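K.L.:
Handing you this structure, nothing more for now.
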Number of protein chains: 2
Amino acid sequence: MNFSSIDQNVAKHIALNQEEIDFFHGLLQHKKVKRKQMILQEGDFCKDSFFVVEGCLRSFSIDKNGFEHILNFAPPNWWISDLYSLFSQKPCILNIESIENSQIILFSRENQEKLFAEIPKFERFFRIIAEKSLVSHQQRLLDNLSLTAEERYENFCKRYPSLIDGLAQKYIAAYIGVTPEFFSKMRSKILRNS
Amino acid sequence: MNFSSIDQNVAKHIALNQEEIDFFHGLLQHKKVKRKQMILQEGDFCKDSFFVVEGCLRSFSIDKNGFEHILNFAPPNWWISDLYSLFSQKPCILNIESIENSQIILFSRENQEKLFAEIPKFERFFRIIAEKSLVSHQQRLLDNLSLTAEERYENFCKRYPSLIDGLAQKYIAAYIGVTPEFFSKMRSKILRNS
DNA sequence: CGCGACGTTGATTTGCCTCAACGATTGTGG
DNA sequence: CCACAATCGTTGAGGCAAATCAACGTCGCG
């Protein structure tokens, strides 16, 4: 059981001694998931945050016409969850799926509260994580309001440089908010002009 | 100087004794701003969070064609800021403007760090605020990806029931992501069909 | 009053979607 | 290892939601 990647993630924002690290590890759970495996489905109750050690996950919603819209990709060292369900204790509105064979760490809401009670510094850690994520979602929202599909694609490439290849085009399309057909046309146009 | 509305806001998530409340108040600054007054402009360095006591603020960006896109409205008891600039210490990408004569409370980043050092419970408070805001921005992002302008307008009415009238239509349009002209047509169609 | 900001309405254009047909690639069982 | 199906990407024709551009009415305010 190796938690070094999550330890490094935590160490970016708060400093812990060995005893605190051990306590933290005691609240974590390792898990391997296969490509295409669903980790969370709409209607479930989300009880965990997921930290990706290896592989890649995605969170998405399905609209009333059956189309998927991707909220987040989670490559290694990213956190992912259905925060709405996690905080409100209501059924999920998101689905979370592994898009590669992945190793993830589960951290339950229950254990998170234990951790806050025992080591209040972690309030700070998760505050900072939430703030950073908030800033990036705000930026993406403004991008969706003001940019064309082509510009949003450029932004995507900057935001997830490690993903641009190896990732199915339909997922990129579902992230930037266009149909796979349109994305394909757009992409071939970009290639032609360069 | 009356801080009762911000105290109530804080009390929703953490409990404070009188001494702590006094310390907190010592870090706050009251300010009156007039309708149409700019509180923050693109390129400034954002040093404060703003809590609205009375009136209403909006945060928005201006795209390369000169069009405004509204990120948030802040009616009474809401927080608003340019979090990107605040956290990164880089120049603002947002503008913040008062859309009515308003009373606001300024809380500087510097004082926020003092507060965290003195009363760590506040880490929890701002974690919760950030998480709630994150959930709501994620939801809005998914709405923009999956809903029509008309459905987004319905959502807007639910989210900001206190604003629906008294607010210029062009601001609603800039929030849901359509032109004022299209919004006007849409609105008259809705009225006709009901 | 007269000006400027706002809202309305119409004609036209366009970015992106829909639907459909067809290759290419992947994966799976025989 | 091949045959086949399923999934994915490509391409084209046509359609629609929303943008653009322009003209005009209306209101609040100096």
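The values are calculated or read from the model by the stated rules, or taken from the named source; none is laboratory data. In this text, all values refer to a predicted model and were calculated from it rather than measured experimentally. A quick note on method: Cβ atoms are made from the backbone with ideal geometry, for glycine too, and the neighbour counts reach across all protein chains shown.
K.L.:
B:LEU167: of a type outside the set (D, E, K, R), within 16 Å of DNA strand D (Cβ to nearest atom), touching a residue at least 24 places away in the same chain (Cβ under 8 Å) and surrounded by 17 or more Cβ atoms within 10 Å (Cβ to Cβ), yes or no?
P.N.:
Details: of a type outside the set (D, E, K, R): yes; within 16 Å of DNA strand D (Cβ to nearest atom): yes; touching a residue at least 24 places away in the same chain (Cβ under 8 Å): yes; surrounded by 17 or more Cβ atoms within 10 Å (Cβ to Cβ): yes.
Yes.
K.L.:
Does A:ARG159 meet the test of being within 7 Å of chain B (Cβ to nearest Cβ), under 26 Å from B:GLU131 (Cβ atoms) and among the charged types (D, E, K, R)?
P.N.:
On the way: within 7 Å of chain B (Cβ to nearest Cβ): no; under 26 Å from B:GLU131 (Cβ atoms): yes; among the charged types (D, E, K, R): yes.
In short, no.
K.L.:
Which one of these does B:SER85 not meet: (1) buried (at least 18 other Cβ atoms within 10 Å of the Cβ); (2) closer than 23 Å to B:GLY55 by Cα; (3) polar (S, T, N, Q)?
P.N.:
It fails just one condition, (2).
K.L.:
Moving on. May I ask you to verify whether B:ASN72 is under 15 Å from A:LEU142 (Cβ atoms), in contact with an Asp or Glu (Cβ under 7 Å, 6 or more places away or on another chain) and of a type in the set (S, T, N, Q)? Show your work before the answer.
P.N.:
Values: under 15 Å from A:LEU142 (Cβ atoms): yes; in contact with an Asp or Glu (Cβ under 7 Å, 6 or more places away or on another chain): no; of a type in the set (S, T, N, Q): yes.
So B:ASN72 does not fit the description; no.
K.L.:
To continue, here is another question. Let me confirm something: among A:GLU181, A:GLU154, which residue is away from DNA strand D (no atom under 16 Å from the Cβ), more than 16 Å from the chain's Cα centre (by Cα), acidic (Asp, Glu) and part of a helix (DSSP H, G or I)?
P.N.:
Values: A:GLU181 fails: away from DNA strand D (no atom under 16 Å from the Cβ).
Checking each option against the conditions leaves just A:GLU154.
K.L.:
Something else about it: Among residues belonging to region A:75-102 that are touching a Lys or Arg at 6+ places or on another chain (Cβ under 9 Å) and closer than 22 Å to A:ILE164 by Cβ, point out the one that is farthest from the other protein chains (Cβ to nearest Cβ).
P.N.:
This residue is A:ASN101.
K.L.:
For A:ARG140, work out the one condition from (1) within 11 Å of DNA strand D (Cβ to nearest atom); (2) surrounded by 19 or more Cβ atoms within 10 Å (Cβ to Cβ) it doesn't fulfil.
P.N.:
(1) is the only condition that A:ARG140 fails.
K.L.:
Scan B:ILE119, B:ILE129 and give me the residue that is touching a residue at least 24 places away in the same chain (Cβ under 8 Å), away from DNA strand C (no atom under 13 Å from the Cβ) and closer than 29 Å to A:ARG58 by Cβ. Spell out how you get there, then give the answer.
P.N.:
Values: B:ILE119 fails: closer than 29 Å to A:ARG58 by Cβ.
That would be B:ILE129, the only listed residue that is touching a residue at least 24 places away in the same chain (Cβ under 8 Å), away from DNA strand C (no atom under 13 Å from the Cβ) and closer than 29 Å to A:ARG58 by Cβ.
Residue-by-condition table, conditions (1) surrounded by 22 or more Cβ atoms within 10 Å (Cβ to Cβ); (2) within 25 Å of B:GLU110 (Cβ to Cβ):
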{"site": "B:CYS46", "(1), (2)": "yes, yes"}
{"site": "B:PHE50", "(1), (2)": "yes, yes"}
{"site": "B:GLU68", "(1), (2)": "no, no"}
{"site": "B:ALA74", "(1), (2)": "yes, yes"}
{"site": "B:ASN77", "(1), (2)": "no, yes"}
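K.L.:
Quick one: is B:ILE62 out of contact with any strand residue (DSSP E or B) (no Cβ under 9 Å at 6 or more places or on another chain), surrounded by 14 or more Cβ atoms within 10 Å (Cβ to Cβ) and not basic (Lys, Arg)? Outline the logic, then answer.
P.N.:
Values: out of contact with any strand residue (DSSP E or B) (no Cβ under 9 Å at 6 or more places or on another chain): no; surrounded by 14 or more Cβ atoms within 10 Å (Cβ to Cβ): yes; not basic (Lys, Arg): yes.
Here the answer is no, as B:ILE62 does not meet what is asked.
K.L.:
Name, by its number, the condition in (1) within 11 Å of DNA strand C (Cβ to nearest atom); (2) touching a residue at least 24 places away in the same chain (Cβ under 8 Å); (3) of a type in the set (Lys, Arg) that does not hold for B:LYS114.
P.N.:
(1)
K.L.:
Kindly indicate whether any position in region A:162-176 is among the charged types (D, E, K, R) and facing chain B (nearest Cβ under 10 Å).
P.N.:
Within region A:162-176, the first condition is being among the charged types (D, E, K, R), and the residues that meet it are A:165, A:170.
Filter once more, keeping what is facing chain B (nearest Cβ under 10 Å): none.
Among the residues of region A:162-176, not one is among the charged types (D, E, K, R) and facing chain B (nearest Cβ under 10 Å), which makes the answer no.
K.L.:
Only one of these conditions is not met by B:GLN169: (1) modelled with pLDDT of 95 or more; (2) under 30 Å from A:THR179 (Cβ atoms); (3) in contact with a helix residue (DSSP H, G or I) (Cβ under 9 Å, 6 or more places away or on another chain); (4) within 16 Å of DNA strand C (Cβ to nearest atom). Which number is it?
P.N.:
(2)
K.L.:
In region A:119-148, how many residues are facing chain B (nearest Cβ under 7 Å) and among the hydrophobic types (A, V, I, L, M, F, W, C)?
P.N.:
Number of matching residues: 7.
K.L.:
Here is a list: B:GLU110, B:GLU151. Which entry is surrounded by fewer than 18 Cβ atoms within 10 Å (Cβ to Cβ), more than 22 Å from A:PHE87 (Cβ to Cβ) and within 14 Å of another protein chain (Cβ to nearest Cβ)? Spell out how you get there, then give the answer.
P.N.:
Values: B:GLU110 fails: within 14 Å of another protein chain (Cβ to nearest Cβ).
The unique qualifying residue is B:GLU151.
K.L.:
Let me ask you something else. Quick one: A:LYS34 ticks every box in (1) surrounded by fewer than 17 Cβ atoms within 10 Å (Cβ to Cβ); (2) within 16 Å of DNA strand D (Cβ to nearest atom); (3) without any contact (Cβ under 8 Å) to a residue 60 or more places away in the chain bar one, so which box is it?
P.N.:
For A:LYS34, the failing item is (3).
K.L.:
Being among the acidic types (Asp, Glu) and out of contact with any Phe, Trp or Tyr (no Cβ under 7 Å at 6 or more places or on another chain) is the filter; apply it to region B:36-74 and report the residue that is nearest to the other protein chains (Cβ to nearest Cβ). Write out each step before concluding.
P.N.:
Step one: filter region B:36-74 for residues among the acidic types (Asp, Glu), giving B:42, B:44, B:48, B:54, B:63, B:68.
Filter once more, keeping what is out of contact with any Phe, Trp or Tyr (no Cβ under 7 Å at 6 or more places or on another chain): B:42, B:44, B:54, B:63.
Numbers: B:GLU42: 12, B:ASP44: 17, B:GLU54: 25, B:ASP63: 4 Å.
Only one residue fits best here, namely B:ASP63.
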